[in-house]
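Trainee: Pasting a structure here, questions to come.
The values are calculated or read from the model by the stated rules, or taken from the named source; none is laboratory data. None of these values were measured; they are calculated from a predicted model. Cβ atoms come from the backbone with ideal geometry, glycine included; neighbour counts cover every protein chain shown. Keep in mind that these areas ignore ligands, DNA and RNA; they rest on the heavy atoms of the full protein, side chains included. Shrake-Rupley method; radii C 1.70, N 1.55, O 1.52, S 1.80 Å.
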Amino acid sequence: MLVEFNTLPEESRVWIYQSNRSFTEQEIEEISNKLNIFVENWAAHGADLQAGYTVIYKRFIVIGLNQDMNNATGCSIDASVHFIQQLEKEYNVDLMDKMNVSYKQGEFIAYKTLTDFRKMAKDKAVSKNTIVFNNLVNTVAEFKENWEVPASESWHSRFLN
């Protein structure tokens, strides 16, 4: 059952998929249509899952699931991963690699490999104040509070002096 992402309870689970490039407006419209269909039909052992999504900064797909209604199962999580993998193939993007870092450079969203980010931190090209995206958050509440944070408040801090 598709609901507006911003209506999901704070304790709802989230999955964040960051793209290695920005989506075009047309791609966002197409991906949103595909997400509407997927989320509307997403189920766990035949039971509807109450879920929503949002696409942020033309780069992040965030799917939220109200676990108070029904929990995701192995099969339903597999279905969502398969759906994301289909998007990767169709749009020639990388959405699943967790070893990459996105951060803000002014209003621009930069995307680097973890190795490059580490080198940039060593070279002082990024700092503890650099705004990073912590894609390891688990709930809507954490997403709202701890997704877009200074590197010093995220797992990224281990690379900064």
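Trainee: Can you find even one residue in the stretch 41-64 that is open to solvent by less than 80 Å² (accessible area, probe 1.4 Å), in a loop (DSSP other than H, G, I, E, B), among the polar types (S, T, N, Q) and modelled with pLDDT of 90 or more?
Mentor: Checking the stretch 41-64: at least one residue is open to solvent by less than 80 Å² (accessible area, probe 1.4 Å), in a loop (DSSP other than H, G, I, E, B), among the polar types (S, T, N, Q) and modelled with pLDDT of 90 or more.
Trainee: Same structure, new question: Among the residues of the stretch 12-40 satisfying the criterion of being closer than 17 Å to I109 by Cβ and without any contact (Cβ under 8 Å) to a residue 40 or more places away in the chain, which is most open to solvent (accessible area, probe 1.4 Å)?
Mentor: Across the stretch 12-40, the extreme among qualifying residues is E25.
Trainee: Could you check the stretch 89-103 and list, in sequence order, the residues that are part of a helix (DSSP H, G or I) and within 30 Å of A125 (Cα to Cα)? It would help to see each step written out before you state the result.
Mentor: Step one: list which residues in the stretch 89-103 are part of a helix (DSSP H, G or I), which gives 89-91.
Passing the criteria: none in range.
Trainee: Mind listing whichever residues of the stretch 104-124 are surrounded by 13 or more Cβ atoms within 10 Å (Cβ to Cβ) and either assigned to a loop (DSSP other than H, G, I, E, B) or not aromatic (F, W, Y) (or both)?
Mentor: The first filter runs over the stretch 104-124 and keeps only residues surrounded by 13 or more Cβ atoms within 10 Å (Cβ to Cβ), leaving 104, 109-114, 116-121.
Answer for the stretch 104-124, where residues must be surrounded by 13 or more Cβ atoms within 10 Å (Cβ to Cβ) and either assigned to a loop (DSSP other than H, G, I, E, B) or not aromatic (F, W, Y) (or both): K104, I109, A110, K112, T113, L114, D116, R118, K119, M120, A121.
Trainee: Which residue, of S76, S32, S22, is part of a loop (DSSP other than H, G, I, E, B) and among the hydroxyl-bearing types (S, T, Y)? Before you say what the answer is, go through the steps one by one.
Mentor: Values: S76 fails: part of a loop (DSSP other than H, G, I, E, B); S32 fails: part of a loop (DSSP other than H, G, I, E, B).
Among S76, S32, S22, only S22 is part of a loop (DSSP other than H, G, I, E, B) and among the hydroxyl-bearing types (S, T, Y).
Trainee: Let me ask you something else. With the requirement that a residue be under 15 Å from the mean Cα position of the chain (by Cα) and under 15 Å from V39 (Cα atoms), what does the stretch 86-96 give you?
Mentor: First, pick out the residues of the stretch 86-96 that are under 15 Å from the mean Cα position of the chain (by Cα): 87-88, 93-96.
Hit for the stretch 86-96 is L87, nothing else.
Trainee: Is it the case that the stretch 48-60 has a residue that's of a type in the set (K, R) and touching a Phe, Trp or Tyr at 6+ places or on another chain (Cβ under 9 Å)? Full working, then the answer.
Mentor: Here is the first cut: in the stretch 48-60, the residues of a type in the set (K, R) are 58-59.
Those still in the list that are touching a Phe, Trp or Tyr at 6+ places or on another chain (Cβ under 9 Å) too: 58-59.
Among the residues of the stretch 48-60, at least one is of a type in the set (K, R) and touching a Phe, Trp or Tyr at 6+ places or on another chain (Cβ under 9 Å), which makes the answer yes.
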